[in-house]
Structure formats: C-alpha cells, structure tokens
Amino acid sequence: MASPKKTKEQHQFLLGEIIKQSGKPTQHTFSDNYLGNTHFRYAISIPRLRTIAKSWMKENPTLSANELADLLSSLTKAPSSTEKTMAGLLLDYATEAQLSFAPKNIDAWLNHLEGWAEVDALCTSGLSRKAITKAWGAWKKVMLQLNKSKNINKRRASIVLLCVPLRVRDHRIPPVAFTLIDNLKQEKEILITKAISWVLRSMVKVHREALEEYIRENKETLPAIAVRETMMKLKTGKKTARKK
C-alpha cells in the first residue's frame with residue numbers, strides 16, 4: 001500500500017499533465033450531458049489522455065497492485081470526469097500483476113462514478129481483458145453484488161464488466177451473464193437497456209449458439225432495443241441496419 005503522501009503526489013502529477021495539455025474546463029454543455037454525468041471535465045481528447053496514462057505507467061514499472069488501487073481510489077474520488085476517466089485508462093496499460101488487487105475495490109470506486117462514459121471507462125479497461133477471468137470466482141461474487149445494488153451505475157457495471165470477457169471462449173461466463181441480465185431486464189432506463197444490448201452483442205462471435213437460444217426463450221421479456229440490436233448483429237454483423 002502506498003503512503004497517502006505518495007498517492008497524492010502521483011495524482012497531482014497526472015492532474016498537472018492533464019491541465020498542461022488541455023483547455024478551459026467545461027460543464028453542462030451538450031457533450032457533458034451526452035456523457036451521462038454532471039461532473040466538469042477538462043477540454044482534452046481521449047488520445048491525449050491515453051498518451052499521458054501510457055507514459056506514466058511505463059515510467060512506473062514497479063508500481064504494486066495495492067499502490068495502483070490506492071491511486072485509482074484517489075482519481076475516482078476527484079471532482080472532474082477527466083480524472084475519473086484517467087483511472088480506467090491507467091488500467092489499460094497495467095500489467096496482470098498490477099491488476100491483481102482485490103476485486104471488491106471496484107465497488108468503492110463506483111460510488112464516485114456517474115453515467116455510461118465514466119462507468120464504461122473503468123469496466124471495459126484492461127481490467128476486464130486481463131484480470132476477470134484470472135480471478136473468476138472473486139470477480140463473479142463482486143458482479144453478483146453490484147447487480148443487486150440500488151445504485152444504477154453499479155448495476156450497469158455488473159454486466160458491462162463482462163462485455164470483453166464474453167469475446168473469448170470461456171464456458172463459465174455466458175451463464176453468469178444471462179443471470180445478471182435476467183435480474184435487470186425489466187428496467188426501463190437507457191443506462192441499463194443499452195448495456196444489456198451491448199452484453200448480448202458481445203456474445204455473437206464466440207457464444208452464438210447459447211445466445212440464440214437465450215434470445216428465443218426471452219425475446220418477450222428483454223428490452224426491445226436489446227432484442228432488435230442483437231438480432232441485427234446476428235444477421236448482419238452490425239447492431240443497426242446499414243443506411244442505403
């Protein structure tokens with residue numbers, strides 16, 4: 001575990017790089033509303049944020065899993081959406097060893113994230129590609145807990161975490177995904193209905209047979225948009241029809 005002072009210094013360095021490469025912070029613009037949160041953000045592109053994250057992780061190869069977790073805790077608690085997004089980007093460049101922190105950490109981080117952009121930056125990061133299947137039992141437990149949360153952002157996270165793992169041939173994952181979806185499929189909020197669609201579409205290439213069976217059996221109870229986009233993906237490889 002890093003000392004609070006060291007974590008603060010790391011956070012301040014990253015924030016300094018963000019400010020150095022960005023314009024004036026914005027809030028309540030059309031773009032901010034589209035991103036689904038009320039936090040202000042710095043006027044900096046995702047590619048530039050990625051460059052900062054990649055460079056910083058490369059310069060800190062001895063960072064431990066607990067030290068990385070402490071830094072992510074600090075970033076997710078920050079006031080700006082940009083710092084919260086940086087937490088997810090750092091995970092893209094972390095090693096498997098650095099990602100071996102306790103999965104329960106994500107529950108605390110999600111307390112400070114709002115809307116699809118912040119939640120998805122964390123949940124579709126290197127975390128989902130490198131860590132979830134490696135410690136499947138622990139991550140499964142956490143996802144089941146998030147799935148029952150009163151916090152809609154945590155409920156979204158519970159299924160979005162599986163979008164990347166579902167693209168590999170692992171028989172353990174689809175049954176859990178279907179259970180999590182079943183628990184949420186009656187919800188009407190777009191934050192959930194679009195997430196269900198995304199998770200289902202993530203199964204098309206590797207788990208097609210199980211997906212088709214699930215759609216047949218649950219077509220009437222799933223969100224209409226999820227059924228429509230998934231059927232189109234199964235048929236054409238795209239979630240929506242190509243415009244003529």
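Throughout, read-outs are computed from the coordinates displayed, never taken from laboratory work. These numbers come from a predicted model, not from an experiment. Every residue, glycine among them, receives a Cβ derived from its backbone with ideal geometry; neighbour counts consider all protein chains shown.
Based on a Kirkwood Rh over C-alpha pairs, give the Stokes-Einstein translational diffusion coefficient of segment 1-114 at 25 °C and viscosity 0.890 mPa s in µm²/s. Let's see the in-between values first.
On the way: Rh = 14.4 Å.
Once the numbers are plugged in, D ends up at 170 µm²/s.
In summary, the aspartates and glutamates within cross-link reach of Lys148, defined as a Cα separation below 13 angstrom excluding same-chain residues under 8 places away, comprise Asp107, Asp182, Glu187. Give me the lysines in straight-line cross-link reach of Lys233: C-alpha distance below 16 Å, same-chain residues under 8 apart excluded. Leaving aside lysines fewer than 8 places away in the same chain, those within reach of Lys233 are Lys194, Lys205, Lys219, Lys243. The calculated P(r) of segment 136-198, using every Cα pair and 10 Å bins from 0, goes 22, 60, 17, 0 in percent.
Calculate the translational D of the chain in whole µm² s⁻¹ from Stokes-Einstein, where the hydrodynamic radius comes from the Kirkwood formula applied to all Cα pairs, the temperature is 37 °C and the viscosity 0.692 mPa s.
On the way: Rh = 18.8 Å.
Translational diffusion coefficient: 175 µm²/s.
Within segment 148-234, the trypsin sites (Lys or Arg not before Pro) that combine a DSSP coil assignment with at most 14 other C-beta atoms in a 10 angstrom radius are Lys148, Lys150, Arg169, Arg172, Lys188, Lys205, Lys219.
Which pairs in the list Lys6/Lys54; Lys185/Lys238; Lys134/Lys235 are over 28 Å apart, alpha-carbon to alpha-carbon? The answer is Lys134/Lys235. Across the cross-link table entries Lys84/Lys104; Lys20/Lys84; Lys77/Lys154; Lys77/Lys140, which are compared at the Cα atoms, the separations over 20 Å belong to Lys77/Lys140.
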